[in-house]
Amino acid sequence: FTLGVNARRDIDHPVTVRGENLFTSAGCAKCHHTGFTTSPFHPLAELRSQTIRPYTDLLLHDMGAGLADNLGERQATGAEWRTAPLWGIGLTNGVSGGEAYLHDGRAQTLEEAILWHGGEGERSMQVFRKMPLADRKALLMFIKSL
């Protein structure tokens, strides 16, 4: 009935720690929330009141014209996308045999996926884009640790 989430990697590495701070200061955690607590009323006792860290808010956000597919669904416009969970994303290449990110796989790297953020993600993308290379690498190392 349950599957575990893969353990994070390199969580104590100084560059990963710096990357986590950059992730928050860039505003990424506004949509990619760092944690939730599950309901105390879940039917399975082992899933009650658990802290989980999916790095999502599970909400729709306007991601701008660059990511829009112009195929609205119900009240969602073609530019609105649910915040993707980031947990386990650092294992994508090993599990999938390659990298493809975003709703349609157009981004071939995590950096490219970040740079596609527009709309509500524009500010965070611009902060990332203007970071020194060492900071960009640290933020990416943090994301790959998830």
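For the chain, the relative contact order comes to 31 percent (Cα pairs under 8 Å, sequence separation of at least 6). If the elastic network links every pair of Cα atoms under 10 Å, which of Gly78, Gly97, Gly88 fluctuates the most in the Gaussian network model of the chain? Among Gly78, Gly97, Gly88, the largest mean-square fluctuation in the Gaussian network model of the chain belongs to Gly97.
From the Cα gyration tensor of the chain, with a ≥ b ≥ c the square roots of its eigenvalues, which class applies: rounded if a/c is under 1.5, or else prolate if a/b is larger than b/c, or else oblate? Since a/c reaches 1.5 but b/c is at least a/b, the shape of the chain is classed as oblate. The Cα atoms of the stretch 1-53 cover 39, 23, 13 Å along the three principal axes, with the biggest extent listed first. If you plug the beta carbon distance of Asp69 and Ser25 into 1/(1 + (r/R0)^6) with R0 = 41 Å, you get a FRET efficiency near 0.85. Apolar share of the accessible surface for the chain: 56 percent from carbon plus sulfur atoms, 1.4 Å probe. Of the residues Thr92, Thr56, Thr37, the one that moves most in a GNM of the chain with alpha-carbon contacts below 10 Å is Thr37. Rolling a 1.4 Å probe across the protein heavy atoms gives the chain an accessible surface of 62 Å² per residue.
Only helices enter this figure: runs of n ≥ 4 DSSP H residues, each worth -39500 (n - 2.57), summed and divided by the residues of the chain, yield -8500 deg cm²/dmol at 222 nm to the nearest 500.
The values are calculated or read from the model by the stated rules, or taken from the named source; none is laboratory data. Here the structure is a predicted model, which means the values were calculated and not measured. Heads up, the Cβs are rebuilt from the backbone with ideal geometry, glycines too, and the neighbour counts pull from every protein chain shown. Areas reflect the complete protein model, heavy atoms only, side chains present, ligands, DNA and RNA absent. Shrake-Rupley method; radii C 1.70, N 1.55, O 1.52, S 1.80 Å.
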